[in-house]
Amino acid sequence: MKTLSLLTAVSIAALIAVPSAASAQQKTLYVAGYGGSFEKTIRDEVIPGFEKENGVKVEYVAGNSTDTLAKLQAQKGNQQIDVAIVDDGPMYQAIQLGFCGKLEGLPAADLYDTARFKDDRAVAIGIVATGLMYNTKVFAEKGWAPPTSWNDLKDTKYAKQLVIPPINNTYGLEALVMLSKMNGGGETNVDSGFKIFKEQINPNVLAYEPSPGKMTELFQSGQAVIAVWGTGRVQSFANTGFPVDFVYPKEGAATLLTTACPITKPNASPLASNFVKMLLDPKIQLVMLKDYGYGPVLKSLVVPPELGKMAPIGERAAKLYNPDWTVINEKREEWTKRWNREVER
């Protein structure tokens with residue numbers, strides 16, 4: 001599988017972002033994961049209890065999935081990160097590149113099959129659906145019906161009011177795949193998706209925005225009213241009281257797994273695996289559901305009805321489209337270059 005050479009630009013910065021191995025003579029555990037509301041949840045709900053229970057200091061290194069993969073590539077042979085939390089696409093690459101150690105003692109019988117990775121080199125800690133977010137207040141004021149389809153991204157009434165993450169972000173990439181799939185293609189042929197983005201969606205796009213913070217700012221300022229995003233991000237935004245809702249498009253929402261793995265390295269701390277397994281604790285799974293809209297990965301977890309309004313649970317989870325990451329990861333660098341050349345210019 002090809003590595004993401006497009007990540008080279010951030011690789012140097014990655015070396016600065018995490019303290020050197022010499023200064024990391026445990027008891028410090030370095031966890032790399034998403035920023036924004038996810039980081040807040042981890043800092044507030046997970047890290048304090050883990051530090052107290054294990055007598056360790058946890059340092060959290062925030063960045064999106066491609067940033068974290070770039071750090072792992074830049075530090076190859078001298079890994080400073082102990083735990084990586086990334087989307088499933090980059091996780092398949094991290095495993096292929098030999099960065100992930102084996103997880104022992106997973107609650108295998110209680111995990112949904114989709115949460116398991118080969119040889120237990122990683123595990124999903126939450127299920128996210130990629131679909132559409134819209135401002136319910138603005139739509140009501142304008143008399144617009146809520147969006148129902150990926151095709152709504154082409155509607156001219158949204159001119160310069162649509163925000164989509166770029167395809168080096170899983171949300172944007174899955175939008176490309178879904179539009180291709182709806183138009184005779186799919187992971188093996190994304191030509192139709194590129195054509196639709198270039199000719200029909202681009203005129204509506206205010207920004208191809210990867211930053212969760214910037215995405216919410218564009219909605220709060222009234223510049224954006226519709227977006228491609230995931231249930232986790234939308235749930236967190238809605239929890240602030242802002243009038244947004246999530247739509248599962250009628251053609252299908254795409255699966256995005258939030259995954260975690262312990263990083264393999266000499267003298268790896270056993271606490272890395274313990275941190276990953278703590279994210280599977282039923283109490284933490286419910287916190288992730290409440291704060292972040294993650295569908296739980298434990299079969300036995302009973303979900304309170306008030307917490308299951310947006311997350312992919314039950315029938316919604318069963319209907320998700322699961323992208324073929326083996327194909328996608330082989331093509332991702334090529335697609336990204338094409339995207340920069342044809343779409344996001």
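Structure notes:
- Matching residues, the range 232-254, being hydroxyl-bearing (Ser, Thr, Tyr) and within 17 Å of the chain's Cα centre (by Cα): 236, 248
- Residue check for residue 84: at pLDDT 95 or above and either assigned to a strand (DSSP E or B) or of a type in the set (S, T, N, Q) (or both): yes
- Check on residue 115, open to solvent by 30 Å² or more (accessible area, probe 1.4 Å), over 18 Å from residue 246 (Cβ atoms) and among the small types (Gly, Ala, Ser): no
- Residues satisfying the stated conditions in the range 309-343, i.e. surrounded by fewer than 16 Cβ atoms within 10 Å (Cβ to Cβ) and in contact with a Leu (Cβ under 8 Å, 6 or more places away or on another chain): 337
- Those residues of the range 277-308 which are on the phi > 0 side of the Ramachandran plot and open to solvent by 10 Å² or more (accessible area, probe 1.4 Å), in sequence order: none
- A single member of 277, 265, 283, 198 is free of Cβ contacts under 8 Å to residues at least 40 places away in the same chain and either touching a strand residue (DSSP E or B) at 6+ places or on another chain (Cβ under 6 Å) or not aromatic (Phe, Trp, Tyr) (or both), and it is 283.
- Selected residue [at pLDDT below 95 and either surrounded by fewer than 17 Cβ atoms within 10 Å (Cβ to Cβ) or over 23 Å from residue 99 (Cα atoms) (or both)] from 254, 268: 268
- Of the listed requirements (1) more than 29 Å from residue 181 (Cβ to Cβ); (2) open to solvent by less than 30 Å² (accessible area, probe 1.4 Å); (3) out of contact with any helix residue (DSSP H, G or I) (no Cβ under 6 Å at 6 or more places or on another chain), residue 274 misses just one: (2).
- Restricting 179, 173, 153 to residues that are out of contact with any Pro (no Cβ under 6 Å at 6 or more places or on another chain), closer than 30 Å to residue 262 by Cα and open to solvent by less than 10 Å² (accessible area, probe 1.4 Å) narrows the list to 173.
- Enumeration of residues in the range 156-170 that are aliphatic (A, V, I, L, M) and surrounded by 17 or more Cβ atoms within 10 Å (Cβ to Cβ): 162, 163, 164, 167
- The range 120-202 holds helices (runs of 4 or more DSSP H) entirely within its bounds, and those carrying 1 or more residues that are touching a helix residue (DSSP H, G or I) at 6+ places or on another chain (Cβ under 7 Å) and under 20 Å from residue 231 (Cα atoms) map to 170-182.
- Within the range 97-115, the set of residues being among the charged types (D, E, K, R) and either in contact with a strand residue (DSSP E or B) (Cβ under 8 Å, 6 or more places away or on another chain) or over 20 Å from residue 312 (Cβ atoms) (or both) comprises 102, 104, 110.
- Residue 236 meets the conditions (1) in contact with a strand residue (DSSP E or B) (Cβ under 7 Å, 6 or more places away or on another chain); (2) hydroxyl-bearing (Ser, Thr, Tyr); (3) open to solvent by 10 Å² or more (accessible area, probe 1.4 Å) in every case but one. The failed one is (1).
- Complete set of residues in the range 193-205 that are of a type outside the set (Phe, Trp, Tyr), out of contact with any Phe, Trp or Tyr (no Cβ under 7 Å at 6 or more places or on another chain) and open to solvent by less than 60 Å² (accessible area, probe 1.4 Å): 193, 196, 201, 202, 205
The values are calculated or read from the model by the stated rules, or taken from the named source; none is laboratory data. Because the structure is predicted, anything quoted here is derived from the model rather than measured. Positions of Cβ are generated from backbone atoms using ideal geometry, with glycine treated the same way; all protein chains shown enter the neighbour counts. For the accessible areas, the whole protein counts, side chains as well, though only heavy atoms, and no ligand, DNA or RNA atoms are used. Shrake-Rupley method; radii C 1.70, N 1.55, O 1.52, S 1.80 Å.
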